Every structure is written in C-alpha cells, then in structure tokens.
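The values are calculated or read from the model by the stated rules, or taken from the named source; none is laboratory data. This structure is a prediction, so every number in the text was calculated from the model and none was measured. Note that each Cβ is placed from the backbone with ideal geometry, even for glycine, and that neighbours are counted across all protein chains shown. Accessible surface areas use protein heavy atoms only, side chains included; no ligands, DNA or RNA. Shrake-Rupley method; radii C 1.70, N 1.55, O 1.52, S 1.80 Å.
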Amino acid sequence: MAKGGGGAGIPTEGWGEYLKYSFGSDYVVHNAAIGGRSARSFTREGRFTEVANVVKPGDWVVIEFGHNDGGSLSNDNGRTDCPGDGAQTCQTTYNGVKETVLTYPAYYKNAAKLFLDKGAKVILNSPTPNNVCESGTCVSDSSRFDYYAWHAAAELASPDVYHVPHKQYAVQAMKNLGPTTVNANYPKDHTHTGPYMADVMAGSFVLGLKCGTTALGAAVKNTTDSLTTTFYGPCIPQNSSVPI
C-alpha cells in the first residue's frame, strides 16, 4: 500500500499510489501508508493520530494492515500484535520501553474510533496476499487477519464502518492472471509488488467497493461491468451483518 513499496533499488510500488485513478476530481486521495509497519507500530509511532489530525467530516479513511502483524513477542520486533480477536493484552519490552501490546482487531477498532470521532467514514480492509502464484501454481490464501479485519468492523457495529475483503478480490484476480504474469510482477520477493501488480491490487480493492454499498463505491469512475468482465472476476458475496 505504501508509496515506494519495498524501498529503494528494485522497483516496487504500493497499491495506494494507484487508487486516485479510479476517482474524479471531487476526490483527493492521500496515501499515508508507511512501509514495514503493523497496526501496532503505526499506533505506537502516533501515525493514526497524525492522520486523524487532518481528517475532516465526510472524509473516507481506508485502513489495511496484516503483512507485518504476525510473529512472536518472545523476540519482539516492535510490530507483532498480541494474539487474539478481542481485548487480550500482552506485556513486552521493546527498545528498552515496557509496552502493553493489543490485538490486531483492537488496534483496528481504536484507529477507527479516532476517525469516526472526526466525522469520517472508515473502511477496514483485509490485507492483500503475498504472491499466491510463487510455486508456479496460483493457490488460495487466507489468514487470521482476514477474519480479524471483518470481526473488527462487525464489533464496531457502526453505519459508518465498512469492510472490504481485499485479499479475496486480489487472489481472485491473481488466479485469473496466472503465474507467468503474476510472478513477473513481483520483482523483489513474494511480498512487494511491482507497479503492474500494485495497480492490480488497487483495482481489486476498487472492485470490492463497487460490489458493496458505500457511497465511496458509487463514486468510483469504473463501472462494475468494466471490472467484473476482466481478470478481476465477479463480486464476492459477504456476510450481511457488515456493510460493504
């Protein structure tokens, strides 16, 4: 999602840089993603607060984490979340500072509340996948963070909070593209996309918007048919308890 993707050297890019092409001049897309962050480290560094400080009523905020949220707190890298889907907490010391670590859904919900208090609407995404075609065969992919993102949106139970299953739409597109195209556009590793796949990830999110019920989805310039008749594939049914 972050600008520059995996950093300098081999050209990679984050999908957030391509989202602006799906909206007209009435919308300004600001990509505040920072590479290498988790929901926990983004919180600890005060970055959610920085975004909230410039958010205005009527804005939309898209939150997506997951690539850096796993791991073990026994060898704390400052990014790993506490295991669990609720109010569980873990105690750790990172960089010499004692820290109470929350769960991934808790970080999602806390961030969403910051933006809701500013009058914004919030979309809690599941994370994009790693390269599901790396082995030469494109396979399905799921993780606990897919459920956690949905769960956080469901627990907030707000008409201004939405969920897009970004990973499901991205995997669908990657399977349709096939391993030759997909593998050629992961130039560095199985996580960081090249510009073409970053654009595919943006389009996958846009399709998720178009297939949902948000006003933001209605504002997308692309028609639903212009996406579903391509490699992006059809709309994916979702649990009706969470607006999309």
Exercise for review: Evaluate segment 179-187: report whether one residue or more is farther than 20 Å from T43 by Cα, under 15 Å from the mean Cα position of the chain (by Cα), modelled with pLDDT of 95 or more and of a type in the set (S, T, Y).
Suggested key: no
Practice item. Please verify whether segment 99-114 includes one or more residues that are surrounded by fewer than 21 Cβ atoms within 10 Å (Cβ to Cβ), over 16 Å from A33 (Cβ atoms) and in contact with a Pro (Cβ under 6 Å, 6 or more places away or on another chain). Key: no
Review point. Can you find even one residue in segment 167-182 that is open to solvent by 10 Å² or more (accessible area, probe 1.4 Å) and either of a type in the set (F, W, Y) or in contact with a His (Cβ under 9 Å, 6 or more places away or on another chain) (or both)?
Key: no
Exercise for review: Check N95, N75, N130 and return the single one that is over 16 Å from E45 (Cα atoms) and surrounded by fewer than 12 Cβ atoms within 10 Å (Cβ to Cβ).
Suggested key: N75
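Residue-by-condition table, conditions (1) open to solvent by 70 Å² or more (accessible area, probe 1.4 Å); (2) in a loop (DSSP other than H, G, I, E, B); (3) under 23 Å from D117 (Cα atoms):
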residue	(1), (2), (3)
L19	no, no, no
V51	no, no, yes
V61	no, no, yes
T80	no, yes, no
Review point. Does any residue of segment 186-200 turn out to be in contact with a helix residue (DSSP H, G or I) (Cβ under 6 Å, 6 or more places away or on another chain), open to solvent by less than 50 Å² (accessible area, probe 1.4 Å) and not in a loop (DSSP other than H, G, I, E, B)?
Key: yes
Study note, to complete from the structure: Considering segment 39-83, residues that are within 19 Å of N130 (Cβ to Cβ) and acidic (D, E), and then whichever is nearest to the chain's Cα centre (by Cα), we arrive at E64
Check your understanding: Going through segment 130-148 one residue at a time, which ones are within 18 Å of the chain's Cα centre (by Cα) and either more than 17 Å from A87 (Cβ to Cβ) or assigned to a loop (DSSP other than H, G, I, E, B) (or both)?
Key -> N130, N131, V132, S140, D141, S142, S143, F145, D146
Exercise for review: Kindly indicate the residue of segment 37-49 that is closer than 20 Å to H163 by Cβ and of a type in the set (S, T, Y) and also most open to solvent (accessible area, probe 1.4 Å) among those meeting that condition.
Suggested key: T43
Review point. Looking only at residues in segment 63-72 that are part of a loop (DSSP other than H, G, I, E, B) and open to solvent by less than 80 Å² (accessible area, probe 1.4 Å), which one is farthest from N31 (Cα to Cα)?
Key: S72
